[in-house]
Amino acid sequence: MPQARLLTRLAEIVGADQVLTEAQDTAPYFTDWRRQYRAEAECVVRPSSTGEVSAVLKACVEERVAVVPQSGNTGLCGGSVPTGVKREIVLSLARMNRIRALDPLNDTLTAEAGCVLADIQRAADEAQRLFPLSLGAEGSCMIGGNLSTNAGGVNVLRYGNAREQVLGLEVVLPDGRVWDGLRGLRKDNTGYDLKQLFIGAEGTLGVITAAVLKLYAKPSAGAAAWIAVASPARAVELLSLLRERLGDRVTAFELVSRACLDAVLEHVPGSRDPLSTPHPWYVLAQLADSGDSAALAALAEQALLECAERGTLKDVALAHSQAQAQALWKLRESIPEAQFRNVKHDVSVPVSRVPELIERASTALEAAFPGARIFAFGHIGDGNVHFNVGMSDPAATEVLILDQCAVNRVVYEVVDALGGSISAEHGLGQLKREEIRRHKPSLELELMRSLKDAVDPLGLMNPGKVL
């Protein structure tokens, strides 16, 4: 089918005003958030229902046109934009933004793929419940993309990754058929757990159009502490001690290097160092519980005092109000913005080996690239470190970025040696599609390819991503 005829058919399905072809309209959909990847597609299609998604995919499969599913387009690996290697359309789920149901007694919420994560959090909060998935882009990222990439965020320590927040899915398959798996069951032992095929698949197996999400009791008490430690090894020890004393009250445990804090203080107006004396490393710990915040703060103070007496921490600033806690979290959430231009790594290792990862990778990089500056931060509670590399001089940083494959190789060799993963929470997309072949066993890749071929034999779902 010529392009004009395809556009006419798509317009009949979703309405002419929801088929975008003009450059000024399509540009935001064809470029990724980091502006690393950009390619043209024939159009952007914006359906408003599962039925329309189904009809669009049927039209595309009949004419062998590939489909690039896209939600908020906040991904960091180029997984939600076209590659330009074949005829493609971008399928934007942004108009599918309805919360279909909320069952507080079953602790579930059913949301469409285009729901902004913050809106889901707000709906849960209004029902006196908690949806714990939380990340820096939550004001613009959408749940369909969160699930397609198995997003992590700051609360994985207590609640797990995105895949652990899902009970059921609705998915449009590559041939347009709709799998209705929207079940709010916590026990369903009737065969393969099909929803897990699509979570983390980055749209290469089908289009997630809705999900049944788990809700939790809303904590009534919270506490945040900015803690200075001598090293990542001390941070891991501190995590163990706090979990011994406070249990699952520890919901987030974020590692921040002094280099990251300095970048925030320099580039983010209004930011302030929480402590009067500089330290090489910090932890931002978040606690949550039932009861009142005063009681939780007393527990936290006692636990931190014991850790200080053991020499595990150097200093601490405990937030005494919600505003103070928000200020501490703003420091952490501003880190990616404050050091936007560098070579970035989203890696994970066993929690106990995080200090070794940072030490070995830093030493190897400084030897291979004299003058390299390491910006290490992340979710140390689940072993996920964002290990970013730049130079003191911006021009030198741009040169380093041009040699990022060599930088990646140094970091990934250490990650491999420690039994880790080269992608902890951002996915593979285009960025790591080729590199993963060096790190994932051939049998795993073979099984992944077999699944892809079985579900999408024509290879039309998000081509050029993951595999």
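Couple of notes before you dig in:
- Scanning region 64-103 for residues that are of a type outside the set (D, E, K, R) and either at positive phi or part of a helix (DSSP H, G or I) (or both) yields a total of 3.
- Members of region 315-340 found to be over 19 Å from the mean Cα position of the chain (by Cα) and farther than 11 Å from Trp226 by Cα, listed by number: His320, Ser321, Gln322, Ala323, Gln326
- Candidates Glu164, Glu170, filtered to the one that is modelled with pLDDT of 95 or more, charged (D, E, K, R), under 21 Å from Leu197 (Cα atoms) and in contact with a Gly (Cβ under 9 Å, 6 or more places away or on another chain): Glu170
- Only a single item in (1) within 15 Å of Ala151 (Cβ to Cβ); (2) in a loop (DSSP other than H, G, I, E, B) is not met by Ala118, and it is number (2).
- Gly153 surrounded by 20 or more Cβ atoms within 10 Å (Cβ to Cβ), in contact (Cβ under 8 Å) with a residue 12 or more places away in the chain, in the same structural domain as Lys58 (by TED's automatic domain parsing) and under 19 Å from Gly429 (Cα atoms): no
- Among the residues of region 196-248, those that are closer than 30 Å to Ser49 by Cβ, crowded, with 24+ Cβ neighbours inside 10 Å and touching a Pro at 6+ places or on another chain (Cβ under 7 Å) comprise Gly203, Gly206, Val207.
- Leu451 vs. criteria closer than 13 Å to Thr204 by Cα, in a helix (DSSP H, G or I), at pLDDT 95 or above and of a type in the set (A, V, I, L, M): yes
- Taking region 164-195 as the range and being in a helix (DSSP H, G or I) and either crowded, with 17+ Cβ neighbours inside 10 Å or touching a residue at least 60 places away in the same chain (Cβ under 8 Å) (or both) as the test, the residues that pass are Gln165, Lys195.
- Extreme residue, surrounded by the most Cβ atoms within 10 Å (Cβ to Cβ), among residues of region 277-288 that are more than 17 Å from Ile374 (Cβ to Cβ) and either modelled with pLDDT under 95 or hydrophobic (A, V, I, L, M, F, W, C) (or both): Ala285
- Candidates in region 384-428 are the residues that are under 19 Å from the mean Cα position of the chain (by Cα) and polar (S, T, N, Q); of these, the one that is surrounded by the most Cβ atoms within 10 Å (Cβ to Cβ) is Asn388.
- The residue of region 29-56 that is surrounded by the fewest Cβ atoms within 10 Å (Cβ to Cβ), among those that are at pLDDT below 95 and closer than 24 Å to Ala210 by Cα, is Trp33.
- Residue selected from region 344-383 under the condition among the β-branched types (Val, Ile, Thr) and at pLDDT 95 or above, by the criterion nearest to the chain's Cα centre (by Cα): Val347
- Within region 92-115, considering residues that are closer than 13 Å to Gly145 by Cα and of a type in the set (Gly, Ala, Ser), the one surrounded by the most Cβ atoms within 10 Å (Cβ to Cβ): Ala113
- Filtered residues of region 426-467 (kept if closer than 30 Å to Glu366 by Cβ and touching a strand residue (DSSP E or B) at 6+ places or on another chain (Cβ under 6 Å)): His426
The values are calculated or read from the model by the stated rules, or taken from the named source; none is laboratory data. Quick caveat: nothing in here was measured; it's all calculated off a predicted structure. When we count neighbours, we look across all protein chains shown, and the Cβ atoms used for this are built from the backbone with ideal geometry, even at glycine.
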